[in-house]
Amino acid sequence: MPDHADPSPIITIERHILDEQAVHPEATGILTNILYDLALAGKVIASKTTRAGLAEILGRTEDVNVQGETVMKLDRFADLTVTRLTDHTGRLAGLASEENASFLPIPAQYPMGKYLLVFDPLDGSSNVDFNMPVGTIFGIYHRLKDGGPVTEDEFLQPGRDLVAAGYIAYGTSTMFVYTAGHGVHGFTLDPAVGEFLLSHPNIRIPRPKYFSVNLGYQTYWSLGVRRYTEYLQGREGGVKGLSLRYIGTLVSDFHRNLLAGGVFYYPADSKDPKAPSGKLRLLYEAAPLALIAEQAGGYASNGRKPILDVTPASLHQRTPLFIGDRELVSKVEELIRGLDGAE
Ligand code: AHM
Ligand code: MG
């Protein structure tokens, strides 16, 4: 009898998510479909980012191009792509994005679902002009009410309540990385067939190799964070042999450290008195990546406590972020506690 068992099956994102759903008999398939919708959005955004440099030829951002159309900024394009692919499906009750001051309810003509989507459509978008990698970050929550119009407070949930989270990295290849609470799985887009194929099952953060931070700001940091940086550089009896890598796109810096081992941080600083909590956003940047980090054996903290335990007070709240290797992130909490005093 021939053996039909394939030792290395090709697993599409569709098959993988369906297999995961099959383990949960109570699952309705709605979450599965939201993840497909996001994977499709990722393909559309990826195809556009690879043409970003052609803006010089085809028309600059917000200019009118040769066909007489307005060339949309790429982050606006990414925002509209995610919104248009998800708002009419009856799966979501509302969306909140970095691009919009308020959350977006589902338009009245479409059915309402039971999930909320939070996302950063094009993280690192200032890198686009220099042909550097960018990303999309997303988190999915249950809505808190059974029906009726969605309200902002329903979005203000701690990361611990995320149902699923992930990101799409637009780099030398396009990758979709997600968790639905059962490990972290990475898929690489095969552009020839237009499918995301499982390339990184069950990702676990390896021993640390890198640290990633914008060292240009260190004069604005607290004593605890400066001492931590010395620790990472092998001074003060710290860890030996960590290399510095910083792209300036959270998704890309996080992704490298997830696969290679390391820690990323963007601490609170005194650079801008109006933004004392650093730059990154809690709801749609820090919390989704924090869930991925924990599911891969790592940890994310705001320097005092787990990111996943912080309930946002507003949609666009900023937070310090330390994320990656569990021991290294715990170390910064110890130094901040010891050197920076009480909050
Ligand atoms: P964005 O969401 O407006 O692109 O800003 C967030 C980005 C992150 O991707 C990155 O980690 C950080 O800003 C880099 O900031 P800086 O240039 O201050 O180092
Ligand atoms: Mg961002």
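The values are calculated or read from the model by the stated rules, or taken from the named source; none is laboratory data. Predicted model only: the values in this text are computed from it and were never measured. Note that we place each Cβ from the backbone using ideal geometry, even for glycine, and neighbour counts take in every protein chain shown. For accessibility, only protein heavy atoms count, side chains too; no ligands or nucleic acids. Shrake-Rupley method; radii C 1.70, N 1.55, O 1.52, S 1.80 Å.
For this structure, a couple of remarks:
- For V263, the stated conditions hold: it is within 18 Å of S212 (Cβ to Cβ), in a strand (DSSP E or B) and either assigned by TED's automatic domain parsing to the domain that holds T174 or within 16 Å of ligand 1 (Cβ to nearest atom) (or both).
- Top-ranked residue in the range 253-269 [being within 16 Å of H185 (Cα to Cα) and within 14 Å of ligand 2 (Cβ to nearest atom); ranked as least open to solvent (accessible area, probe 1.4 Å)]: F254
- Hits in the range 324-343 (condition: surrounded by 14 or more Cβ atoms within 10 Å (Cβ to Cβ) and among the hydrophobic types (A, V, I, L, M, F, W, C)): L328, V329, V332, L335, I336, L339
- Residue within the range 77-86 that is touching a residue at least 12 places away in the same chain (Cβ under 8 Å) and farther than 22 Å from T50 by Cβ present: yes
- Criterion applied to D129, D79, D120 was being charged (D, E, K, R), over 27 Å from G298 (Cβ atoms) and either in a strand (DSSP E or B) or open to solvent by less than 40 Å² (accessible area, probe 1.4 Å) (or both), and the one residue passing it is D79.
- For the range 82-99, the candidate set comprises residues that are in a loop (DSSP other than H, G, I, E, B) and in contact with a helix residue (DSSP H, G or I) (Cβ under 7 Å, 6 or more places away or on another chain); within that set, the residue that is nearest to ligand 2 (Cβ to nearest atom) is E98.
- Residue satisfying all of: in the range 241-252; surrounded by 19 or more Cβ atoms within 10 Å (Cβ to Cβ) and of a type outside the set (A, V, I, L, M, F, W, C); farthest from ligand 1 (Cβ to nearest atom) among these: S252
- Residues in the range 276-335 that are within 19 Å of Y220 (Cβ to Cβ) and more than 16 Å from ligand 2 (Cβ to nearest atom): 7 in all.
- Residues that are among the basic types (K, R), in a strand (DSSP E or B) and crowded, with 19+ Cβ neighbours inside 10 Å do occur in the range 270-284, at least one of them.
- Within the range 234-252, the residues that satisfy the criterion of being closer than 21 Å to G186 by Cα and among the β-branched types (V, I, T) are I247, T249, V251.
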